[in-house]
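Contents: one structure, followed by commentary.
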Amino acid sequence: MNGSKITTQIMIISLLILFVILCNPIAMVGVGERGVKVTLGVVSDQSFPEGIHFVTPFISKIVTMNVRTQKRDITTAVYTKDIQQAKISYVINYNLQPENAYKMYREVGSDYEDKILMPVVEGSIKDVIGKWNAQDLVANREQATSEILIKLQNHLKDNYINVTDFQITAINYSDVFERAIESKVTAEQDALKAKNKTVQIQEEAKQRLITAEAEAKSMSIRANALAQNKALVEYEAVQKWNGKLPTYMMGNTIPFINLSNRQSTKR
């Protein structure tokens, strides 16, 4: 009797274990995930947090959705305002809104990146890049990046996706266009150097003209003064005299300043 009873108990326990294994009434939601409970094809009205959850075998199940921040590094081809093809390399960081994981699964499914995220990203990049000429885009990459980020955040937040960062990492044009830009930049730099040189020459000419006019004016003033004042002529001569009297062929020296007027004055 006891043996039969023990055998029965073992069978019951084994059946329970088998039932648990086969029916699996326990569901696990891992770290960085949210669970979505589906009962007979109907999605629950809440997202289940991390941990263990019980479900009714064969009737309900829990689908897990990743809510961690994810990163995608992509290169896409676009056209600028002046119809130049550019390859834009960019990085985008995003995450599924944890509280709305069940809405995303119910409305879109678990493959929302391909159905919602990437079409919006591609469209936003093309819209913003299409407003810039190719050469201006290179100089204003940060502004274009900021415009794309704001556009993505505003559009995707209503689709249960948070965009935390967006960066344009590279802008590549065709080799022909790249060489054309380099030639244009070089020509502009050469033109600027020539312009600066012209300005320098003009300024130096102005300075020389100002100096010449000042010297001419000074000479005119002195000439008028000398013509009106004979004493000033003698003064100028004294200023230039080296201290030696002129010598003539007879061996005599004579003063070159007329002192008679001064002597008569003293008397």
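The values are calculated or read from the model by the stated rules, or taken from the named source; none is laboratory data. Here the structure is a predicted model, which means the values were calculated and not measured. Heads up, the Cβs are rebuilt from the backbone with ideal geometry, glycines too, and the neighbour counts pull from every protein chain shown.
Mind checking which residues of the stretch 136-166 are part of a helix (DSSP H, G or I), touching a Phe, Trp or Tyr at 6+ places or on another chain (Cβ under 9 Å), within 20 Å of M104 (Cβ to Cβ) and not polar (S, T, N, Q)?
L152, L156
Of these, Y102, Y94, which one is part of a helix (DSSP H, G or I), under 30 Å from T39 (Cα atoms) and modelled with pLDDT of 95 or more? Break it down stepwise before answering.
Values: Y94 fails: part of a helix (DSSP H, G or I).
On inspection, the qualifying residue turns out to be Y102.
Can you tell me which residues in the stretch 36-78 are buried (at least 18 other Cβ atoms within 10 Å of the Cβ), in a loop (DSSP other than H, G, I, E, B) and either touching a residue at least 60 places away in the same chain (Cβ under 8 Å) or aliphatic (A, V, I, L, M) (or both)?
V55, V67
Can you spot a residue in the stretch 66-77 that is in contact with a helix residue (DSSP H, G or I) (Cβ under 7 Å, 6 or more places away or on another chain), farther than 30 Å from F177 by Cβ and of a type outside the set (A, V, I, L, M, F, W, C)? Steps first, answer last, please.
Here is the first cut: in the stretch 66-77, the ones in contact with a helix residue (DSSP H, G or I) (Cβ under 7 Å, 6 or more places away or on another chain) are 67, 76.
Okay, now just the ones that are also farther than 30 Å from F177 by Cβ, so 67.
Now narrow it down to the ones that are of a type outside the set (A, V, I, L, M, F, W, C): none.
Looking through the stretch 66-77, none of the residues is in contact with a helix residue (DSSP H, G or I) (Cβ under 7 Å, 6 or more places away or on another chain), farther than 30 Å from F177 by Cβ and of a type outside the set (A, V, I, L, M, F, W, C).
Report yes if E33 is loosely packed, with under 15 Cβ neighbours inside 10 Å and under 28 Å from V163 (Cβ atoms), otherwise no. Give the derivation first.
On the way: loosely packed, with under 15 Cβ neighbours inside 10 Å: no; under 28 Å from V163 (Cβ atoms): yes.
So E33 does not fit the description; no.
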